[in-house]
Amino acid sequence: MPLHASSPGGLKFHGSEQPINQRTSYNVFGNKTITFSDYFDIDFSLSLYPESEFGYILRIKNKESNRIYNLFYDGQGDNLTFKFNEEGKSNLIVANIDRAELLNMHWFKMKISFDLKGDSIKLTINNQTFSTGNEKFPDVYSPVILFGRSDHIIDVPSFAIKNLSVGNHEKHSFALDESKGSIVHDVRGEAVGAVLNPEWLVNDAYHWRYKTSFKSQSVAGANYNPERKEIYYFNRDSLYIYNTRSGVTNLKVFQEKCPVELVLGTNFIDTKHEKLYAYETYNDDYAGPTVASLDLGSYQWTAESSEQLPSPLHHHGAYFNPSAEQFTLFGGFGRMRYSKDFFSYDLNKKEWDTVAGFTGDFLSPRYFSSVGYLKKTNSIYVFGGMGNESGEQTVGRKYYYDLYKIDLDTKHISKLWEIQWKQDNMVPVRGMVILDDSCFYTLCYPEHFSESLLKLYKFSLKDGTYEILGDSIPIRSDKITTNANLYYDSVLNNLFAVVQEFDDDISSNVKVYSLSFPPLTAQELASYSMEKNNYTLAVVILSFSLVAILGYLFYKKLGYKKSREVRYPVGPDSIAINKIETPANKIEGPTRANSIYLFGDFTVRDKKNRDITYMFSAQLKQIFCLILQYSITDEGIASQRLSNILWPDKPADKVKNSRGVTINHLRKVLSELDGIELIYEKGHFKIEQGPGVYCDYTRCIQLIFTKDAERHRDELVEILSRGKFLQLSDHPLYDSFKEEMEKKLEPVLIVEMEKSFSAERYHTTIALAEAIFNIDPLNDVALTYQIKAMQKLKMNDEARIRYQAFVIEYRKAMGNDYSHPYKGST
């Protein structure tokens, strides 16, 4: 499969694995009537999920008649069966497809063709076509196309669709690449359809999804088998097998123990011969097997070799060359030395050999390097790590941010680049994903923090330019045996991260995460969530922007500047800020330097405008938000209360240590910004903010309690446009913070919404109504004003869709129909 063969996105349908009211329903055209003559096609990409393998994928109604067609799917047998039916009357087409052919494709094409002149229907599934005739169609057809649950049809399989198009010579196309919401836009950005209970798959290309975890009380190893789509986690006694396609876990208990005494649990997979190899490079005072293979068919172990290497090699890099049937490792740390050697294990000779005779650039001794193999160039690539030129640990270590290419045909080493690293030092994981000669992917993390975060990096092979993709994965890196690895599955279009954390260098737990490929940056994800408006609204916004720019230039020319201290009342106390009222005070774009954002995605940018959100682990974010919550209106949060909330079950001595470490870590992270400080005074922790730092939460509180909120209404809308307050923070710890914020915000929003409507600022009214829905999805006052504002702007289709989405949400939550009918514009 070629690189980037599948673009991110799609709409996943929750099926019968969920309660009826949580199953997904999608009306393609909503309330619009679309009419076709001669013929029309329904064309889309389909992905099947194992959670539920029985039910109706779609129904096709005709507004001019009572005939309904449906597509039924049954994946429970040896073959996958698709039945195209005239509902309540007869089966028209039965298509049996080989199970392995479709399930291993992830996405495949499906097309339903209506020939209105020839009175026939064709069903095409992955280039296989089935047909039926004598349907006696009318000359024109106005289809109502419903995917998933609809009317009394509640049996729905678990599936996803994307790249939907409906039409003949005039096509209505839907990429289905939304990232949130229940309104569906076509490829031109026009709001057309509506969906209930959607799962937008574009988010899976940014947010790592936790899949499963396992624990072992003895030393264990982990790996991924791309042929079988299986994650393995094994110790000497047993093997956990997690199928990434089905989500099913199996446990195999070995009849005989693994013959290798596991110390690090290092291993590799030979997919050609379906074997998993466990190996240990060194085990002092041990004479038993050091390499053994597990047959993945019989689950029987076979001892392969008892040869040892000169020393342990913690955190070495490695790769397996299936064509040469050789496993090669590089670097590592042991016996107070860093290694620069290459060792190769031959599966046929069953022996280790030192790979020597290299020419070219000097590759210094190191460990924590990332190693990958590219078949196209028959070359090894070595990235980063820690070490020094002498290899002696006592000399001290340095972090490397360089890339070397080792040509296996010529044994020539070329240093491709070295980049200047200005962020926190970090190391990569053992494996890299390298798919072509343009770039590679690897996970990196600051291993010197106890509570750290793995981030996915994409580096150019040419010059080392890089970008950070996706959000972060937590990792507890206290023990040297803790490790992580990255795998790519070209069939499933997924990256898998396997994180193994050791408690005491013996017992461990492993966690599995997935990310859709190709992954997205935060900016790319944000582009998917931008509101998609019709052409008229775009013209209005463009005109408004031009007026704003001209106004700004005129304002700047005047050189107007006014400095004053503004004091906004907040409950019994007040917040004082020094403000220079110039255009520079306004937010330019979604984020700015030296800023903290709590609305929408939690985001922190340092004084140099670098995104340092990754430095906030889950616990660090929690403690920051807790202290900030009590810093605005109170004297801070008491040390004891903070401890009781975050560490309720720990003994006092351990709580004190954990609190001290976490507080120091938070202070270190906040030092990356100017104008913000964590202080401890009179037994309380408090966040103090100066004029140089921007926090959207703090500014929002100021705006809420100002006596002239109307003057700052646009700024408030801009803050709220980022999304719901702490929208991706679902931990119960945030509940009181969210509730407190929403109680302050909602009454102000309602008043400003009403005022903006009276002032005929209808775009602002719509935005404020949307912000109210983030707090109360069933607020009918917001619904009324939003629909009226849309109608004033001639956005009548959008108004009907908004009303329909509200009605669906109301019925879902309340169990009965919304009593107020839709009223058209007058």
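The values are calculated or read from the model by the stated rules, or taken from the named source; none is laboratory data. Every value quoted in this text rests on a predicted model; they were computed, and no experiment measured them. Methodologically, a virtual Cβ is constructed for each residue, glycine included, from the backbone with ideal geometry; neighbour enumeration extends over all protein chains shown. Side chains are part of the model used for accessible areas, which takes the heavy atoms of the whole protein and leaves out ligands, DNA and RNA. Shrake-Rupley method; radii C 1.70, N 1.55, O 1.52, S 1.80 Å.
What is the list of residues in region 45-71 whose amide nitrogen lies under 13 Å from a point 7 angstrom out from the Cα of N126, following Cα to Cβ?
46-49
What 222 nm value per residue comes from the helices of the chain, counting each DSSP H run with n ≥ 4 as -39,500 (n - 2.57) and dividing by all residues, nearest 500 deg cm²/dmol?
Details: 12 runs with 166 residues, N = 826.
Calculated mean residue ellipticity at 222 nm is -6500 deg cm²/dmol.
log10 I(q)/I(0), Debye, Cα-only region 121-279, no solvent, q = 0.17, 0.20, 0.21 Å⁻¹?
-1.11, -1.36, -1.44
For region 295-418, state the average projected area of the convex hull of the C-alpha atoms over all orientations, rounded to one decimal in nm².
On the way: hull surface 34.7 nm².
Mean projected area for region 295-418: 8.7 nm², to one decimal.
Calculate the length of the line joining the C-alpha centroid of region 258-305 to that of region 754-800, in whole Å.
65 Å
How high is the relative contact order of the chain, in percent, with contacts defined as C-alpha pairs under 8 Å that are six or more residues apart? Please list the in-between numbers first.
Values: 1782 pairs, mean separation 72.1, N = 826.
Computed value for the chain: 9 percent relative contact order.
May I have the pair-distance distribution P(r) for region 1-72, computed from all Cα-Cα distances with 10 Å bins from 0 and rounded to whole percent?
Cα pair-distance distribution for region 1-72, in percent: 13, 40, 32, 15, 1.
With a ≥ b ≥ c taken as the square roots of the eigenvalues of the C-alpha gyration tensor of region 726-823, please select rounded if a/c is under 1.5 and otherwise prolate if a/b is larger than b/c or oblate if it is not?
Working: a/c = 2.29, a/b = 1.31, b/c = 1.76.
It is oblate, given that a/c is not under 1.5 and a/b is not larger than b/c.
Using DSSP to define loop residues, name the GluC sites (Glu not before Pro) in region 67-172 whose beta-carbon has at most 14 other beta-carbon atoms within 10 Å.
Hits after loop and neighbour filter: E170.
Report ³J(HN,Hα) in whole Hz for each residue of region 241-257, in order, from the Karplus equation J = 6.51 cos²θ - 1.76 cosθ + 1.60 where θ = phi - 60°; Gly and Pro get x.
So the J values, rounded to whole Hz, are 10, 10, 7, 6, 7, 9, x, 8, 10, 10, 10, 10, 9, 6, 5, 10, 4.
Could you state the number of Å between the C-alpha centres of region 488-523 and region 599-622?
Rounded to whole Å, the Cα centres lie 21 Å apart.
Mean separation of Cα pairs under 8 Å and 6+ residues apart, divided by the residue count of region 390-525: what relative contact order is that in percent?
On the way: 252 pairs, mean separation 21.5, N = 136.
It rounds to 16 percent for region 390-525.
Along each of its three principal axes, how wide is the spread of alpha-carbon positions in region 203-350, in whole angstrom units, largest first?
Taking max minus min along each principal axis of the Cα atoms, region 203-350 gives 44, 39, 35 Å.
Quantify, in whole percent, the carbon and sulfur part of the accessible surface of region 360-402 (1.4 Å probe; protein heavy atoms only). Mind showing how you got there, number by number?
Details: 790 of 1640 Å².
Using a 1.4 Å probe with all protein chains present, region 360-402 comes out at 48 percent carbon and sulfur.
For region 141-196, what is the convex hull (Cα atoms) projected area averaged across all directions, in square nanometres?
Values: hull surface 19.6 nm².
Taking the Cα atoms of region 141-196, their convex hull projects to 4.9 nm² on average.
First measure r as the distance between the Cβ atoms of D674 and Q523, then evaluate 1/(1 + (r/R0)^6) with R0 = 22 Å and state the FRET efficiency to the nearest 0.05. List each step's numbers first, then the result.
On the way: r = 24 Å, r/R0 = 1.08.
Plugging the Cβ-Cβ distance into 1/(1 + (r/R0)^6) gives 0.40.
Rounded, prolate or oblate: which fits region 403-534 when a ≥ b ≥ c are the square roots of the eigenvalues of the alpha-carbon gyration tensor, with rounded for a/c under 1.5 and prolate only if a/b beats b/c?
Verdict is oblate for region 403-534.
How many angstrom separate the Cα center of region 702-732 from the Cα center of region 49-116?
Answer, in whole Å: 46.
Could you check the simple spin-label distance between A652 and E681, using points 7 Å along Cα→Cβ, in nm with one decimal?
Using points 7 Å along Cα→Cβ, the separation is 2.7 nm.
What residues have an amide H closer than 5 Å to that of G385, excluding those fewer than 5 places away on the same chain, when H is modeled at 1.01 Å from N in the peptide plane?
The answer is Y400.
Which ³J(HN,Hα) values, rounded to whole Hz and listed in residue order, are derived for region 336-342 from phi using the Karplus coefficients 6.51, -1.76 and 1.60 in 6.51 cos²θ - 1.76 cosθ + 1.60 with θ = phi - 60°, glycine and proline given as x?
Computed from phi, the couplings for region 336-342 are 6, 9, 9, 9, 10, 8, 9 Hz.
Hey, with R₀ at 51 Å, roughly what FRET efficiency would A759 and D155 work out to, going by the Cβ-Cβ distance, to 0.05?
Values: r = 50 Å, r/R0 = 0.99.
FRET efficiency, A759 to D155: 0.50.
With volume of the Cα convex hull per residue in Å³ as the read-out, I listed (1) 244; (2) 204; (3) 180; which label goes with the value calculated from this structure?
(2)
Are there trypsin sites (Lys or Arg not before Pro) in region 419-526 that DSSP marks as loop and that have at most 12 other Cβ atoms within 10 Å, and which are they?
On the way: sites: K422, R430, K455, K458, K462, R476, K479, K511; in loops: K422, R430, K462, K479.
Passing sites in region 419-526 are K422, K462.
Using the Karplus curve 6.51 cos²θ - 1.76 cosθ + 1.60 with θ = phi - 60°, what ³J(HN,Hα) values do you get for each residue of region 610-616, in whole Hz, with x for Gly and Pro?
8, 6, 10, 4, 4, 6, 8
For M336 and K117, calculate 0.36 nm times their separation in residues minus their Cα-Cα distance, and state this gained length in nm to one decimal.
On the way: separation 219, 0.36 × 219 = 78.84 nm, distance 8.13 nm.
Going from the current span to full extension adds 70.7 nm.
Roughly what would the spin-label model give for T394 and D714, points 7 Å off Cα along C-beta, in nm?
Distance between label points: 6.9 nm.
Using the charge dipole of the chain (Lys, Arg: +1 at Cβ; Asp, Glu: -1 at Cβ; taken about the Cα centre), state which of F725, Y26, H14 has its Cα farthest towards the positive end.
Checked the options; the winner is F725.
Take each uninterrupted DSSP H stretch in the chain, measure its Cα extent along the helix axis, and return the ones at 30 Å or beyond whose mean Kyte-Doolittle hydropathy is at least 0.0.
Values: long enough: 535-558 (35 Å, 1.63); 735-758 (34 Å, -0.59).
The qualifying helices are 535-558.
From zero outward in steps of 10 Å, how is the percent of C-alpha pairs of region 48-88 spread across the bins?
With a bin width of 10 Å, the distribution comes to 28, 45, 20, 6.
Would you mind computing, in nm to one decimal, how far apart the modelled labels at A356 and T249 are, each placed 7 Å from Cα along Cα→Cβ?
Placing both labels 7 Å beyond Cα along the Cβ direction yields 4.7 nm.
Answer rounded, prolate or oblate for region 446-519, using the Cα gyration tensor with square roots of eigenvalues a ≥ b ≥ c: rounded when a/c is under 1.5, else prolate when a/b is larger than b/c, else oblate. Can you show the working numbers first?
Values: a/c = 2.48, a/b = 1.52, b/c = 1.63.
Taking the square roots of the gyration eigenvalues as a ≥ b ≥ c, region 446-519 is oblate.
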